[in-house]
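Working notes, structure below.
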Amino acid sequence: MRHKPGDPIMTPDQFQAEQSRLGLTNAKLSSILRVSERAVEKWRQGSRAIPGPVAVIFSILRNNPDVILP
């Protein structure tokens, strides 16, 4: 499916699924992304749009988890 302008890059459900699949807590994910835990919570809740670069980082981690994760 092609992304349309104005559509979210990643939904909160997709964000939560990726975070869970990678076994990352909010604290660990916020440390990796260099953002506050509150930002991660807002993305999970859907009260803040998930930035495109976050979706790209998840894509990289999905294919190469050793890039960032110990």
Item to complete: Let me have the relative contact order for the chain, percent, based on Cα pairs under 8 Å that are six or more residues apart.
Response: 36 percent
Worksheet entry | Solvent accessible area, Å² - Arg21, 1.4 Å probe, full protein context | 130 Å²
Fill in: In order through the stretch 44-57: 3J(HN,Hα) via Karplus (6.51 cos²θ - 1.76 cosθ + 1.60), integer Hz, x for Gly, Pro
4, 7, x, 8, 9, 5, 7, x, x, x, 5, 4, 5, 4
Item to complete: With a/c under 1.5 counting as rounded, go ahead and sort the chain into rounded, prolate or oblate using the C-alpha gyration tensor (a ≥ b ≥ c being the square roots of the eigenvalues; past the cut-off, prolate if a/b is larger than b/c, else oblate).
Response: oblate
Item to complete: Would you tally the net charge around Ser59, using a Cβ to Cβ cut-off of less than 13 Å, leaving Ser59 out, and scoring K and R as +1, D and E as -1?
Response: +1
Response to the item:
If each K or R counts +1 and each D or E counts -1, the residues other than Leu33 whose Cβ falls under 14 Å of its Cβ total +3
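The values are calculated or read from the model by the stated rules, or taken from the named source; none is laboratory data. As the structure is a computational prediction, the values presented were derived from the model and not from experiment. For neighbour counting, all protein chains shown are included, and Cβ atoms are generated from backbone atoms with ideal geometry for every residue, glycine included. Note: areas computed on protein heavy atoms with side chains; ligands, DNA, RNA excluded. Shrake-Rupley method; radii C 1.70, N 1.55, O 1.52, S 1.80 Å.
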